[in-house]
Amino acid sequence: MDTNFYQNWRVRKPIASGSNGVVASHHKTAAEVGAAVLRDGGNAIDAAIAASFAVSVVEPWMSGMGGLGYMMVYLAKENRVLCINGGAVSPGGLDIQDYPMVEGESGDLFTWPAVKDDRNVQGYHSIATPGQVATVGLALDKYGTKNWADLLAPAIELAERGLPASWATTLYIAGAARDIVNYPTTKSIYMPDGFPPVAVGGKPVPHLPMGNLARTLKRLAAAGHRDFYEGDIAAQIVADIQAGGGSLSAQDLADYEALELAPLSTPHGKAVIHAAPGLTAGPTMADSMQKFAGKITGKNAPNAADYALWATAMRDAYVTRFDTMGDVDDSRDPASTTHLTVIDGEGNIVCFTQTLLSAFGSKVVPPKTGIMMNNGIMWFDPRPGFPNSLAPGKRPLSNMCPVIVTAGDEPWFAAGGSGGRKIMSAVMQLTSMIVDCGMDLESAFHHPRIDYSGDGVASIDKRLGDDVEAAIGAHMPTRREEQTILPNNFAKPNGVMKDPATGKFLGAADVSNPVSGAIAG
């Protein structure tokens, strides 16, 4: 008898459907905020921006103003896909001598060699120049229709109310408590009495004050997004970080701009897969899909041979990724997470992955602003001499993989997810299930997946049969994993679709995440 299961339920989550678009998010509250924007006449870009700020308040350990992001956009009237790169850049004044390697491995997401005091993983030295605010600011300026302040208003209201101390909040804070206690402002917000907050049965869920976050959001709403990089907010961020010993400077923020790029577009069967280019997981996904193009044989569901094709394709693509990808010249050519996808009634799509990198990022909340800051320095390899090695003023290799798929000059679907190196594996399989196997959105999101993240071992969902394990095991070591709430053994995706048969708009949220949701506009 198998006694290794963490849970004994089988979960299904209904998809959302409507004629005015859908918003799918890692957190249902953010999806509701975005859907309200659609109902008020906003387009997909407007809805994504409002949802982006909202989710950073209700799940501040995942993303926020101190984070990073890649946004894929489909413009229906132009039949055009674009990417906005809001990825991290290491501070120009960073000194690599501040990150000496010591014995052991990093204790966080990546198996880098350990750095003294985990300086690349947490604390003021781990903070890279953030790009999330620049990303949404550029998107609104060029493609949105609503007022900036109006789109921030729901997030301000949520921040003023405070962080709901639900069971999910308790779980995430408890998981990071050992580190949170080392940072006074962070501890005062998330563990005000020295312990993770716990809701009491039969009583209303308490709300935690979020420091100066609401005040900072109000300032950003009034002054515009560049205030984060050149105004009062920028000055407050820099003063706090430099007081803590970090190297992020006013010049780093002032020089930062999000970059609009052409997507990496790859024909695949009857579809074209549009992925984020450069230093993302997009090229690795394109490489993987080219290796099994025309070879998938499963109809309405993948078979064991298909899973083996996916596993070997990812294995070989990851070798190329780690050997060749990194910011290796001076051109600065672009390069715990959340994801949201939006489609509006006109067929415009936004597929937006944003992150602090680790859960609670650097664990640092600069006291003047209340913003949780990223630990983007952890994306770099601390060893010298590699394409992705740590250096000043450099973009790191990231794992974000937002994808938009078109067919016959029409939008079809979009998907992305959270989960570090597990993201690409999930997005690639969902894409292949729909394009190659002919599955619908709901079936694809409920179907078990494998994961290959470059460590030489394929993880296989326990719901898959022994034939899948045997087919993959002929090529590489395997292990059985369960899709649980925590730990995240597989990525947590969401997506939207324009149903080719009915023309209706559909949205699917991650099935295993209880707080995720898709809401019709």
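Within the range 485-521, which residues are part of a loop (DSSP other than H, G, I, E, B), over 17 Å from the mean Cα position of the chain (by Cα) and surrounded by 24 or more Cβ atoms within 10 Å (Cβ to Cβ)?
If the condition is that a residue be part of a loop (DSSP other than H, G, I, E, B), over 17 Å from the mean Cα position of the chain (by Cα) and surrounded by 24 or more Cβ atoms within 10 Å (Cβ to Cβ), then G521 is the only one that fits.
Evaluate the following for L94: is it out of contact with any Cys (no Cβ under 6 Å at 6 or more places or on another chain), assigned to a loop (DSSP other than H, G, I, E, B) and either crowded, with 18+ Cβ neighbours inside 10 Å or of a type in the set (F, W, Y) (or both)?
Taking the combined requirement at face value, the residue satisfies it.
If you take the residues in the range 472-484 that are under 26 Å from the mean Cα position of the chain (by Cα) and in a loop (DSSP other than H, G, I, E, B), which one is farthest from S512 (Cα to Cα)?
Per the criteria, the residue is E482.
Please name all residue pairs, on different chains or six or more residues apart, with Cβ atoms under 7 Å, provided the first residue is in the range 72-95 and is under 17 Å from V496 (Cβ atoms) and the second residue is outside any strand (DSSP E or B) and of a type in the set (V, I, T).
V73/I45
Just a yes or no: is a residue in the range 32-45 surrounded by fewer than 24 Cβ atoms within 10 Å (Cβ to Cβ) and closer than 23 Å to H446 by Cβ? Talk me through it step by step, then tell me what you get.
Step one: list which residues in the range 32-45 are surrounded by fewer than 24 Cβ atoms within 10 Å (Cβ to Cβ), which gives 32, 36, 39-41, 43.
Those left that are additionally closer than 23 Å to H446 by Cβ: 32.
The answer is yes, given that some residue of the range 32-45 is surrounded by fewer than 24 Cβ atoms within 10 Å (Cβ to Cβ) and closer than 23 Å to H446 by Cβ.
Scan the range 448-486 residue by residue and report those that are among the hydroxyl-bearing types (S, T, Y) and more than 18 Å from M424 (Cα to Cα).
The answer is T478, T484.
Does P197 satisfy the condition of being outside any helix (DSSP H, G or I), buried (at least 17 other Cβ atoms within 10 Å of the Cβ) and at pLDDT below 95?
yes
Within the range 358-414, how many residues turn out to be under 18 Å from G131 (Cβ atoms) and among the acidic types (D, E)?
Selection size over the range 358-414: 0.
Determine whether the range 429-452 contains at least one residue that is more than 23 Å from V319 (Cβ to Cβ), out of contact with any Phe, Trp or Tyr (no Cβ under 6 Å at 6 or more places or on another chain), part of a loop (DSSP other than H, G, I, E, B) and of a type in the set (G, A, S).
The answer is yes; a qualifying residue exists.
Looking at the range 17-39, is at least one residue of a type in the set (D, E) and modelled with pLDDT of 95 or more?
Pass one, the range 17-39, residues of a type in the set (D, E): 32.
Subsequent filtering for residues that are modelled with pLDDT of 95 or more retains 32.
Among the residues of the range 17-39, at least one is of a type in the set (D, E) and modelled with pLDDT of 95 or more, which makes the answer yes.
Go through (1) modelled with pLDDT of 95 or more; (2) among the small types (G, A, S); (3) under 30 Å from E160 (Cα atoms) for G417 and report which single condition fails.
(1)
Quick check, is D461 in contact with a Pro (Cβ under 7 Å, 6 or more places away or on another chain), of a type in the set (D, E, K, R) and surrounded by fewer than 24 Cβ atoms within 10 Å (Cβ to Cβ)? Before you say what the answer is, go through the steps one by one.
On the way: in contact with a Pro (Cβ under 7 Å, 6 or more places away or on another chain): yes; of a type in the set (D, E, K, R): yes; surrounded by fewer than 24 Cβ atoms within 10 Å (Cβ to Cβ): yes.
Yes, satisfied.
Take the residues in the range 77-91 that are among the hydrophobic types (A, V, I, L, M, F, W, C) and in contact with a helix residue (DSSP H, G or I) (Cβ under 6 Å, 6 or more places away or on another chain); name whichever of them is nearest to T353 (Cα to Cα).
Only one residue fits best here, namely I84.
Conditions (1) assigned to a loop (DSSP other than H, G, I, E, B); (2) not small (G, A, S), marked per residue:
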| residue | (1), (2) |
| --- | --- |
| L340 | no, yes |
| I343 | no, yes |
| G347 | yes, no |
| T353 | no, yes |
| L357 | yes, yes |
| K363 | yes, yes |
| I371 | yes, yes |
| K394 | yes, yes |
| V405 | no, yes |
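Any residue at all in the range 393-406 that's under 22 Å from R321 (Cα atoms) and of a type in the set (S, T, N, Q)?
yes
If the requirement is being in a helix (DSSP H, G or I), among the β-branched types (V, I, T) and closer than 30 Å to G417 by Cβ, which of these qualifies: T266, T216, T280?
Being in a helix (DSSP H, G or I), among the β-branched types (V, I, T) and closer than 30 Å to G417 by Cβ holds for just one of T266, T216, T280, which is T216.
In the range 140-164, how many residues are aliphatic (A, V, I, L, M) and either under 17 Å from T369 (Cα atoms) or in contact with a strand residue (DSSP E or B) (Cβ under 6 Å, 6 or more places away or on another chain) (or both)?
Adding up the residues that qualify gives 6.
The values are calculated or read from the model by the stated rules, or taken from the named source; none is laboratory data. A quick note: this is a predicted structure, and the numbers were derived from the prediction, not measured. Glycine gets a Cβ as well: all are built from the backbone with ideal geometry, and neighbour counts include every protein chain shown.
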